[in-house]
Each structure stands twice: as structure tokens, then as C-alpha cells.
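> Input: one structure, supplied below.
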């Protein structure tokens, strides 16, 4: 446990790390993949709290901790404990029987790090975009907190994506990436796209964001992306035309995300999605790129978001991405806990 709150390093979003830190973590990630792991977390206990479902994040994080010699405590809010209150100063007469302040303080006495996947209300984007739950954990915990995907950010996926891109291209400055919205009846949070967009622009990549009208990203996220692009020499542009947006791309990153315009209305959301069933990555689309490779954070709906031929073809990097969650998270844990020692 760190000796003072001043030594805490939380990772709520990837910009909580300097570019130099990210470079170091990625170098360690590659070394771990090539040479195997160490017992860097021997004697350390890490708490994993899931308020939403998870497959890759849960499995890769728990495996990373165990393979580094640490001990993970994996808790699921739907079966192992209960909802928590994050509002400050209110009367707790609702469903939540405990405040984040108390849970975070107590768990900090048991573990060396807390990784949280917070819940979303799903009823108000104005509320969910504040990421108040993960912010509350970071405010009250006495150990480092890692965000395992909130409404706005998924820093763990972005690290694995950067590692995958580095392994394939080497230096990323000037490389061309197109992020393509894809049709899905179970659209996801824009967190993956937000984090990917900022991480790649910050690395100097030329990024094109392609989506139908009505699926614009959060305006504050885009403003921050402009600032990062100005500082790094990267760039991004938005297109509402799918085929043309892929022209010249070296990587096509497919991802479905919901429209914040109808976030509170499932009927309108379904109606909007139904108008864009042609937004899918197939061989013809991929061929418009410059020997383009496919990336996707998964889960992926086959033959709806991406065709089998592309997913299972030589251009697909999706399984490499998924594996790199393990290696990059090991490097991240070593970095954060080294600083908290």
C-alpha cells in the first residue's frame, strides 16, 4: 500500500500517462511477449470489481496478475456484492446499501490495486458521460485504481491496440487508420473508439473516423483530440461516406457504438441503426485500403459487422489484439505498482 495519497497513480484514461510512459510500457509489453513473464507481482493482491459483464478484460487481467505471481480477487456486483452509491452528501435511501467512499477505503486495506469496470445507467448520456463512478473510486481509494472500461474510456484496450499496431508497423507516425462504425443490434459504448482515437492521434497517426450521421462522438472528446493532434503532428477527420473513408487506409478498425442522440430511447436507436445495415466490413471494402489490415476490439458479430472471410483471413489482427491485452496489462501493472511501492 502506498505511504501517501500523493504517490498514487490512477489510470482512468490513457492521457493519465505521459507519452514517455506509454512508450516504456509498450517496450515492456513486447519484451514480456518475447521472453516470458517474471514474478514482478509476487506478494501483491489486486482487486477486480465488475459491475458489468466481461470476457476478455476479466480473463486477461486475472491471467496477467496470476502469471506475474500476484493474487487476484475477482468480484462481480451481480452475484458477489451489491450496487454502490457514488453521490456525495446525499441521503442513501435508494437501492444502494453502501457508498463508494466506504467500499474503496476498506478494500484499500486488503489489496495493492483496484481495477474497476463501473456500471452505466443507460438512461442518460449526460449523466453517464461524467464517469462519476470511476472518478469516485479514484477519489476515495488509497491504492491505485485502473479503469477497466467506463462510459467514455477504455485505456486497457487502447494500450493493446497500440502494441498491436507497433508490432505490425514499427513507428506509427504518418500511418493511416480508418475507424469504421458498423451495424449491430447491441451497439457498445464509444469508450473503445474514444481511447483509440486519442491514442493513435497522439502517436502521430493520420486517422479517419467514418460513421453515419447521428453517431458523432462526444464533443469534448473531439476537442481534446484536436489539441492532441496539434501537439503530436497527428491528424483526424470525420467522414459520413463509408467506401471512400477506407481509401488508402493501412488499418481498418471496425466497431459499433451507440448514438448519444437517442441514448435514452431504444426504439429510436433501433430505427436509426436499421437505416445503416450496409455499414459492414467485407473483402470489397477492405480492398479499398492500402493492403489494409482489420482490427476489432471484440466481441464481434460475424457477417453483420465483419464478414467471416475478413475476420478469418490473413489481413485480420483481431486475435493478436486480444492476446496483447494480456501482455500490455502485465506491463501496465508492473509500471503502476512499481511507482506505488
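> State whether one or more residues within the range 166-177 are in contact with a helix residue (DSSP H, G or I) (Cβ under 9 Å, 6 or more places away or on another chain) and buried (at least 24 other Cβ atoms within 10 Å of the Cβ).
For the range 166-177, residues in contact with a helix residue (DSSP H, G or I) (Cβ under 9 Å, 6 or more places away or on another chain) and buried (at least 24 other Cβ atoms within 10 Å of the Cβ): present.
> If I filter the range 253-260 for residues that are closer than 20 Å to residue 205 by Cα and touching a strand residue (DSSP E or B) at 6+ places or on another chain (Cβ under 6 Å), do I get at least one hit?
Yes, the range 253-260 has at least one match.
> Determine whether residue 107 is surrounded by 14 or more Cβ atoms within 10 Å (Cβ to Cβ) and in contact with a helix residue (DSSP H, G or I) (Cβ under 6 Å, 6 or more places away or on another chain).
Here the answer is no, as residue 107 does not meet what is asked.
> Pick from 332, 326: which is in contact with a strand residue (DSSP E or B) (Cβ under 9 Å, 6 or more places away or on another chain), under 20 Å from residue 163 (Cβ atoms), crowded, with 17+ Cβ neighbours inside 10 Å and at pLDDT 95 or above?
Sole residue among the options that is in contact with a strand residue (DSSP E or B) (Cβ under 9 Å, 6 or more places away or on another chain), under 20 Å from residue 163 (Cβ atoms), crowded, with 17+ Cβ neighbours inside 10 Å and at pLDDT 95 or above: 332.
> Let me ask something else about it. Can you tell me which of 137, 125 is closer than 30 Å to residue 258 by Cα and at pLDDT below 95?
Exactly one residue qualifies, and that residue is 125.
> Among 310, 281, which is the only one that is within 30 Å of residue 60 (Cα to Cα), without any contact (Cβ under 8 Å) to a residue 40 or more places away in the chain, surrounded by 18 or more Cβ atoms within 10 Å (Cβ to Cβ) and not assigned by TED's automatic domain parsing to the domain that holds residue 59?
Criteria check complete, one pass: 310.
> What is the number of the single condition among (1) in contact (Cβ under 8 Å) with a residue 12 or more places away in the chain; (2) surrounded by fewer than 18 Cβ atoms within 10 Å (Cβ to Cβ); (3) within 23 Å of residue 186 (Cα to Cα) that residue 288 does not meet?
(3)
> Which residue, of 318, 238, is closer than 30 Å to residue 72 by Cβ and free of Cβ contacts under 8 Å to residues at least 40 places away in the same chain?
Exactly one residue qualifies, and that residue is 318.
> Continuing with this model, one more query. Those residues that are in contact with a strand residue (DSSP E or B) (Cβ under 9 Å, 6 or more places away or on another chain) and over 12 Å from residue 138 (Cα atoms), I need them from the range 104-115; list them, please.
107, 110, 111, 112, listed by residue number.
> Can you name the residue in the range 7-46 that is in contact with a strand residue (DSSP E or B) (Cβ under 7 Å, 6 or more places away or on another chain) and outside any loop (DSSP other than H, G, I, E, B) and is also surrounded by the fewest Cβ atoms within 10 Å (Cβ to Cβ) among such residues?
Going through the qualifying residues, I end up with 45.
> Here's a follow-up. Considering each residue of the range 63-104, count those that are more than 19 Å from residue 116 (Cα to Cα), out of contact with any helix residue (DSSP H, G or I) (no Cβ under 9 Å at 6 or more places or on another chain) and in contact (Cβ under 8 Å) with a residue 24 or more places away in the chain, and give that number.
1
The values are calculated or read from the model by the stated rules, or taken from the named source; none is laboratory data. In this text the structure is predicted, and so the values were computed from the model without any measurement. Please note: Cβ atoms are built from the backbone with ideal geometry, for glycine as well, and neighbour counts cover all protein chains shown.
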